[in-house]
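Contents: one structure, followed by commentary.
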Amino acid sequence: MDFIQNFPFFSIMLSMFSGTVCSVLPRRAARWVNTLMISLIGVLSFVLLSYLVVRGESYVYMMGHFPAPWGNEIRAGILEAGTALFFCVIMLLSMLGGRKKLQEEVVESKHNMYYILVNLLLSSLLALVYTNDLFTAYVFVEINTIAACGLIMIRQNGRTIEAAVRYMIMSLLGSGLLLLGICMLYDLTGHLLMSNIQAAVQGILEDGTYEVPLLVTITLMSVGLAIKSALFPFHAWLPDAYGYSTVSSAAILSSLVSKGYIFLLIKIIYRVIGYNVFGNSHIIDVLFVFGLMGMIFGSLNAIQENDIRRMIAFSSVAQIGYIYMGIGMGTGVGMTASVFHILSHAATKSLLFIAAIGLTDVSGGSRHFIDLTGAAYRNKWAGVAFTVGSLSMVGVPMFSGFISKLLFAQAAVQNHVKMLPALIVLAISTILNAIYFMKTVIRIYTPEEGSEYESVTFKNMKTYAVTLVCFILLNVLLGVSSQPIVDLIEQGLSMFA
C-alpha cells in the first residue's frame with residue numbers, strides 16, 4: 001500500500017486531535033493551530049487528489065487492516081478527494097474572513113471552544129466524504145449536528161439560542177429518520193459496509209422479496225437527509241441559524257454543512273442502494289418536485305426580506321433546491337450539475353456572508369436595506385465582493401453560477417419527461433434571483449444624499465480584503481475553467497458507480 005493512501009485517515013484524525021489540543025492552548029495559539037490544521041489537511045487532500053488522478057481508480061483503506069464485517073473502511077476516489085480539498089479551502093477562507101469579527105461576536109473565554117467546534121465539524125465532514133461504512137456515517141452525522149449547533153449558539157443572544165433549538169429539533173428529526181432507515185437496511189441485508197449492502201440489495205431485487213420494506217428504507221434515509229440539508233419544506237430552521245450566528249459560522253454552515261449531508265445522500269444513491277434502484281423507486285421524482293418548489297419559494301421569501309443576512313439565508317433554500325432538482329433528473333448529467341453546484345454555491349454563499357458583514361459594519365451595524373444605502377462606497381472591498389457574489393447567483397457569464405445553470409439546462413434537455421418543468425422553473429428562479437440580488441447591489445451603490453463617504457482602507461482590514469479577493473478568484477476560476485472540474489466530477493461519479 002502506498003503511504004499516500006493513509007491521507008484520508010490522517011486528515012480525519014488530525015482534525016479531531018487538533019480539537020483536543022485547542023482546548024488547552026491559549027486563545028491565539030488555538031487560532032494558529034486551527035489555521036495550520038485546515039491548511040495541512042488541504043495540502044494532504046491536494047496530494048491525494050493528484051495521486052488519484054494519476055492512478056485513475058479509487059481504493060479502499062481498511063481501518064486496522066481488518067476486513068469486513070469486523071473492520072471499518074475508508075474509500076477514496078477523485079470525487080472524495082476533490083470535495084475534501086474544496087471543503088478545506090472554503091473553511092479556511094471563511095475562518096480568515098470572520099477572524100476579526102469573532103472577537104466582537106464571541107466572548108474571549110469561549111474562543112477556544114469555537115475552534116474546537118470548527119475542528120470537530122471539519123473532521124465530521126471529512127468522515128462523511130470518505131467513510132465506506134453506513135453506521136460510521138451516522139455517528140459523524142451526529143458529531144456534525146452537535147458541532148454545528150454549538151457554532152450557532154456560541155454567540156449567546158436570544159436569537160441564536162432560539163435558532164440553535166430550532167436547528168437541533170429539526171436536525172434530530174432528520175437524524176432519527178436516517179438511523180431508522182439504516183437499522184431497517186441492516187435488518188434486510190445484514191451489512192453496514194456500503195459495497196456489501198449494495199450487493200445484498202441486488203439480491204433482494206432479484207429474489208423479489210422485501211421490496212416494500214426496501215422502498216420504506218430508501219424513503220426514510222432520503223427524507224432524513226433532506227431535512228438535515230434544509231430542502232423545502234423542511235427549511236424553517238435555516239434563516240435564523242444562518243442569519244444570527246457569527247459571520248464565520250454563517251459562511252461555514254451555509255456552504256459546507258448542508259453539502260456534507262447532500263454528499264452522503266449521493267453516496268447512498270450510488271454506493272448503497274444503486275443508482276438504477278434508487279431511480280426506479282420514484283423517490284427521485286419526489287426530490288425533483290421539492291427541489292423545484294424550493295427554487296421558487298426560497299426566492300420569494302428572499303424577496304420579502306428586509307434583512308440582508310436573512311435574505312442570503314433564504315437564497316440558500318433556493319440553491320439547495322437547484323441541487324435536488326439535478327439529483328431528481330435521474331441522469332448522469334443532472335448529477336454532475338448538482339455536484340458542480342455544490343462547489344459553486346459553497347464558494348459563492350460564503351463570499352456573500354463575508355462581504356455582507358463588511359457592508360453592515362460601515363452602516364452602523366444595521367442589516368436593514370434602508371441603512372445599507374451607499375455602503376459599497378464606505379467599504380469598497382465588500383461592495384465589489386458582494387456584487388461578484390450576486391452576479392454569480394443570478395447566473396452571469398464568467399462566474400460559477402452561470403456554469404451551474406448551464407449544466408442544469410443541459411441536464412433538463414436530456415430528460416424529455418422533466419425538461420419542461422425544469423426549464424420553466426429554472427428561468428423563473430433566475431428572474432427572482434436577479435430581483436433580490438440586484439436590488440441589494442443597487443441599494444449599496446446608491447449614493448446617500450448629504451453624506452461624505454470615508455472609505456475603509458486596505459490597511460485597516462488586510463486579512464479581510466485578501467480573503468474577499470481569494471473568494472472572488474475562486475468564483476471566477478470555477479466560471480472560466482469549469483471544464484476540467486466537470487471532467488473530474490464525471491470521472492469521480494463513474495468511480496462511485
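State whether one or more residues within the range 137-150 are under 28 Å from residue 103 (Cα atoms) and open to solvent by 60 Å² or more (accessible area, probe 1.4 Å). Yes, the range 137-150 contains at least one residue that is under 28 Å from residue 103 (Cα atoms) and open to solvent by 60 Å² or more (accessible area, probe 1.4 Å). Among residues of the range 468-497 that are outside any helix (DSSP H, G or I), those with a beta-carbon under 7 Å from a residue that is open to solvent by 40 Å² or more (accessible area, probe 1.4 Å) at least six positions away or on a different chain give the pairs 497/275.
Across the range 53-104, the number of residues qualifying as more than 30 Å from residue 245 (Cα to Cα) and open to solvent by 20 Å² or more (accessible area, probe 1.4 Å) comes to 19. So, residue 283, is that one open to solvent by 20 Å² or more (accessible area, probe 1.4 Å), closer than 30 Å to residue 199 by Cβ and at pLDDT 85 or above or not? Yes. Any residue that is open to solvent by less than 40 Å² (accessible area, probe 1.4 Å), within 24 Å of the chain's Cα centre (by Cα) and either closer than 30 Å to residue 33 by Cβ or of a type in the set (Ser, Thr, Tyr) (or both) - is there at least one of those in the range 208-222? Yes: the range 208-222 contains one or more residues that are open to solvent by less than 40 Å² (accessible area, probe 1.4 Å), within 24 Å of the chain's Cα centre (by Cα) and either closer than 30 Å to residue 33 by Cβ or of a type in the set (Ser, Thr, Tyr) (or both).
Among residues of the range 405-452 being loosely packed, with under 13 Cβ neighbours inside 10 Å and touching a residue at least 40 places away in the same chain (Cβ under 8 Å), the one that is farthest from residue 384 (Cα to Cα) is 451. Selection of first residues in the range 284-299 that are without any contact (Cβ under 8 Å) to a residue 60 or more places away in the chain and of second residues that are not in a helix (DSSP H, G or I), restricted to Cβ pairs under 9 Å at least 6 apart or on distinct chains, gives the following pairs, ordered by first then second residue: 284/329; 284/330; 285/330; 285/418. With a requirement of 2 or more residues that are aromatic (Phe, Trp, Tyr), the helices (runs of 4 or more DSSP H) lying completely within the range 226-298 that satisfy it span 238-244, 258-267, 275-280. Tell me yes or no: at least one residue of the range 229-243 is among the acidic types (Asp, Glu) and either closer than 21 Å to residue 390 by Cα or at pLDDT below 85 (or both). So far as the range 229-243 goes, yes, one or more of its residues are among the acidic types (Asp, Glu) and either closer than 21 Å to residue 390 by Cα or at pLDDT below 85 (or both).
Here's a check for you: in the range 74-132, which residue that is of a type in the set (Gly, Ala, Ser) and over 15 Å from the mean Cα position of the chain (by Cα) is farthest from residue 264 (Cα to Cα)? Quick ask: steps written out before the conclusion?
Step one: filter the range 74-132 for residues of a type in the set (Gly, Ala, Ser), giving 76-77, 81-82, 84, 94, 97-98, 109, 123-124, 127.
Still in the running and over 15 Å from the mean Cα position of the chain (by Cα): 76-77, 81, 97-98, 109.
Details: 76: 14, 77: 14, 81: 14, 97: 28, 98: 28, 109: 35 Å.
Once the filter is applied, the top-ranked residue is 109.
Being in a helix (DSSP H, G or I) and either under 9 Å from residue 154 (Cβ atoms) or among the charged types (D, E, K, R) (or both) is the filter here; which residues of the range 103-123 pass it?
Keep residues of the range 103-123 that are in a helix (DSSP H, G or I), which gives 103-105, 108-123.
Answer for the range 103-123, where residues must be in a helix (DSSP H, G or I) and either under 9 Å from residue 154 (Cβ atoms) or among the charged types (D, E, K, R) (or both): 104, 105, 108, 110, 113, 114, 117.
The values are calculated or read from the model by the stated rules, or taken from the named source; none is laboratory data. Predicted model, so just to flag it, every value in this text is computed and none were measured. All Cβ positions, glycine included, derive from the backbone under ideal geometry; neighbour counts span all protein chains shown. All accessible areas refer to the heavy atoms of the entire protein, side chains included, with ligands and DNA or RNA removed. Shrake-Rupley method; radii C 1.70, N 1.55, O 1.52, S 1.80 Å.
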